[in-house]
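For reference, the structure is listed below as structure tokens.
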Amino acid sequence: MRNLLLLLLFLPLHLQGKNNLADSLALELTKAKSDSERVELHYQLSRRFFLSDVKKGIAHAESAQQLSVQSGYKAGEAKALNLLGYAEVVLGEYDKALDYYFKSLKIAEKTGSIEALTISYNSIGSVYFRIKDNDRALDFYNQSLKLALESKDPLAMSKVYNNIGNIFEAKRDFSKALSYFTKSANLQKELGNKGSWAISLYNIGNLHVNLPYPEKGLPYLFQSLKLNQEIGNKMLLVGTLKGISSIYLLLNQKKEALQYAIQSYEMALETESSKKIADAAYLMQQVYEATGQFEQAHKYLAIYVEQQKLLDVERQQKVLEELTIGFDTEKQELENQKLKAENAYQAIEMEHDRTVQGFGLVVIVLMLGLLLLLELNRRRAKESNLELQKINQYVQAKNLEIEAQKSEISSQARALQIQNEQLEQNSNFKNKLFSIISHDLRNPFQSVKGILNLIQRNGMTENEIKHIFPLLHRDVEAAQNMLHNLLLWSKAQLEGSSVEYVPVNLRQLISENIVLILSQAQQKQILFVNNVEELIWVQADLDRLNFVIRNLLSNAVKFSFAGGQVAVWAEANQSRVTLHIADQGKGISEKNMEKLFGSTRFTTTGTAKEKGTGLGIMFCKDFVESMAGSLQVKSEEGKGSVFSITLAAAEVPAHQEAILTEAAV
């Protein structure tokens, strides 16, 4: 404990030293005379700031990358892309990180730099390790280690040894993991690289959580803590403090476990990394649960769930897989194109030879023919003319055949284009569907699962259960509404353009939907005014129009103030009908108006804090446009909104017109 307090006292001095070094580099940057020199200085500044301020680190890495592109400095561009990839790893954005690393790898392959290739393979392996694709990660690590051994680069070898140790730890082969971590630590200690040495010491200490005597890991973790404080590495400080807390928790020393868990969480907040905050919050939940402080445990469980939403690992894994497939496919495509080019060249050569030989034969035959004609005093001129005519007919026939082949190829190309468009449409639907499911359905169920686990593992009082159950009801109801809207929209998407048009009486349809949501309106004392005339009919799909009107009326109630009014009226001409639904509620700001019809889900709470799924307006727009109509909105913040649907007008059915005429008489 005394050592820790001393380290905390000296930490400002070390950080001041790092700041002085950063200031010195910044001063050199103002004096730099060449782009390559400025790139290297931005690179050094970025590495310094990544230890304590990720945003500044990213800014300098981006400057290095932009300058490298402008000046054509490929080596600098590769290094800058690797730094940007590392920043995304720290922030938990693994799909973006892999994109940067693959770009860096392409540059390294073109320049043939062994150092750049070693770094790129190692970095790509680290991303795959973090998404638990250990086999692919180990393949990239082995490629990096092979290059490091060939170039006799001890620092690169130590980093790869450390990463391979992580693979064996994930596979629960702890003896091999400890062997690789120890190799890495010994090399880094000899090199005097405090940053890398601190990582290996952390890994050795953290590994003891899985070994029979976890307390033996504490000296390694405290030594790593000291090194990280000396160099000001906030990112690794979060994990080191977390490891110390975890071991104390295993040793049932709950007071010490809570002390270091709190320090880890506070440091994670400073990093602004969703990955670090999520890990630290999960540890806080475990420690508070172990100490019987269930309210605090639930608080940090909620923080963990919220940070997991920001990370969205499932979407990243899908994008990572697409990037990997794209990378592999691009390499295979280049090889195929090379082979095709070689085959095409050989075919052209062969065709050229045949053409020359054929032309030579034709010339010889013609010359012999001419000599023969001269000898026979042109007695065979007529026969020669006939032969030429036959040749001409043959050529014309061949030309017609070629034209037919061109036409067939063109038809096949058009058919292929149509198929590609259909595939792209299906792919867009699939991506949108998976995106909605992964963003919106996973999170409520994850929250419900966390609450149920908390109830199951710990005895709770009746008051605590009463406090938690409304949260459970809210998440289940949100998931149910979302699933209902999603199923209806998905059905419409899968049916394609099969819209079933029928004449629909607007006033009757409005009245039916008002009845359905009347209880919702009565809770807020909202008055409905249906001013749609009886003789207004539209040509529409009844189910889709029902969905649109019900959602718009429900939204009008949701965003109206208590005691307000929702008015509905319609304007019609010979070909089009425009239906207006107006409320006197909170309205929509200009900023939110831009997001309303965007491609991503957007939602806000109602005037009584009602929550929505954010899918209704998206689906309404899709349904209205599928019926050859349009959906528009006018709104003024604090005064209300008017949503307008324009559809094709329909003739009043004869029997309905007769009924309305009799009623009027």
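The values are calculated or read from the model by the stated rules, or taken from the named source; none is laboratory data. Note that the structure is a prediction, hence the values are computed from the model and not measured. Cβ atoms come from the backbone with ideal geometry, glycine included; neighbour counts cover every protein chain shown.
Taken together, 256, 289 contain a single residue that is free of Cβ contacts under 8 Å to residues at least 60 places away in the same chain, acidic (Asp, Glu) and not assigned by TED's automatic domain parsing to the domain that holds residue 91, which is 256. Scanning the range 71-127 for residues that are under 19 Å from residue 146 (Cα atoms) and not in a helix (DSSP H, G or I) turns up 112, 113.
Considering only the range 610-654, state which residues are in a strand (DSSP E or B) and free of Cβ contacts under 8 Å to residues at least 12 places away in the same chain. Steps first, answer last, please.
Kept after step one, since they are in a strand (DSSP E or B), are these residues of the range 610-654: 630-636, 640-649.
Selection gives 634 alone.
In the range 169-190, the residues that are under 16 Å from residue 216 (Cβ atoms) form Cβ pairs under 7 Å with partners that are acidic (Asp, Glu), at six or more places apart or across chains, as follows: 177/169.
Could you say whether any residue in the range 239-257 is surrounded by 15 or more Cβ atoms within 10 Å (Cβ to Cβ), aromatic (Phe, Trp, Tyr), at pLDDT 90 or above and within 28 Å of the chain's Cα centre (by Cα)? No, the range 239-257 contains no residue that is surrounded by 15 or more Cβ atoms within 10 Å (Cβ to Cβ), aromatic (Phe, Trp, Tyr), at pLDDT 90 or above and within 28 Å of the chain's Cα centre (by Cα).
Is it fair to say residue 199 is buried (at least 20 other Cβ atoms within 10 Å of the Cβ) and under 28 Å from residue 109 (Cα atoms)? Criteria not met by residue 199.
When you check residue 63 against the structure, is it without any contact (Cβ under 8 Å) to a residue 12 or more places away in the chain and of a type in the set (Ser, Thr, Tyr), yes or no? So residue 63 does not fit the description; no.
Checking 412, 446, 396 one by one, the residue that is outside the structural domain of residue 611 (by TED's automatic domain parsing), at pLDDT 70 or above and within 41 Å of the chain's Cα centre (by Cα) is 412 and no other. Just a yes or no: is a residue in the range 133-146 modelled with pLDDT of 90 or more, of a type in the set (Lys, Arg), surrounded by fewer than 24 Cβ atoms within 10 Å (Cβ to Cβ) and assigned by TED's automatic domain parsing to the domain that holds residue 77? Checked against the condition, which is being modelled with pLDDT of 90 or more, of a type in the set (Lys, Arg), surrounded by fewer than 24 Cβ atoms within 10 Å (Cβ to Cβ) and assigned by TED's automatic domain parsing to the domain that holds residue 77, the range 133-146 yields at least one hit. Being of a type in the set (Asp, Glu) and within 30 Å of the chain's Cα centre (by Cα) is the filter here; which residues of the range 130-161 pass it? Across the range 130-161, the qualifying residues are 133, 135, 139. Of everything in the range 163-211, what is polar (S, T, N, Q) and closer than 24 Å to residue 283 by Cα? Give them in sequence order. Result: 163, 166, 200, 203, 206, 210.
In the set 236, 187, only one residue is hydrophobic (A, V, I, L, M, F, W, C) and closer than 17 Å to residue 49 by Cα; that residue is 236. Does the range 291-310 contain at least one residue that is in contact with a helix residue (DSSP H, G or I) (Cβ under 9 Å, 6 or more places away or on another chain), under 25 Å from residue 85 (Cβ atoms) and at pLDDT below 65? No: zero hits.
Tell me the strands (runs of 3 or more DSSP E) entirely within the range 501-557 that contain at least 3 residues that are farther than 14 Å from residue 645 by Cα.
Strands (runs of 3 or more DSSP E) meeting the threshold: 501-505, 527-530.
Looking at 661, 578, which one is polar (S, T, N, Q) and either assigned to a loop (DSSP other than H, G, I, E, B) or modelled with pLDDT of 85 or more (or both)? When all the criteria are applied, what remains is 578. The residue that is surrounded by the most Cβ atoms within 10 Å (Cβ to Cβ), among those in the range 266-280 that are under 23 Å from residue 218 (Cβ atoms) and touching a residue at least 24 places away in the same chain (Cβ under 8 Å), is 280. Would you say residue 29 is assigned to a helix (DSSP H, G or I), surrounded by 17 or more Cβ atoms within 10 Å (Cβ to Cβ) and at pLDDT below 85? Answer is yes for this residue.
Within the range 539-565, residues that are within 15 Å of residue 507 (Cα to Cα) have Cβ atoms under 7 Å from residues that are part of a loop (DSSP other than H, G, I, E, B) and of a type outside the set (Val, Ile, Thr) in these pairs: 539/650; 540/627, counting only partners at least 6 apart in sequence or on another chain.
With respect to the conditions (1) crowded, with 22+ Cβ neighbours inside 10 Å; (2) over 36 Å from the mean Cα position of the chain (by Cα), residue 164 falls short on a single one, namely (2). Among all positions in the range 548-556, there is no residue which is more than 21 Å from residue 502 (Cα to Cα), touching a strand residue (DSSP E or B) at 6+ places or on another chain (Cβ under 6 Å) and of a type in the set (Ser, Thr, Tyr).
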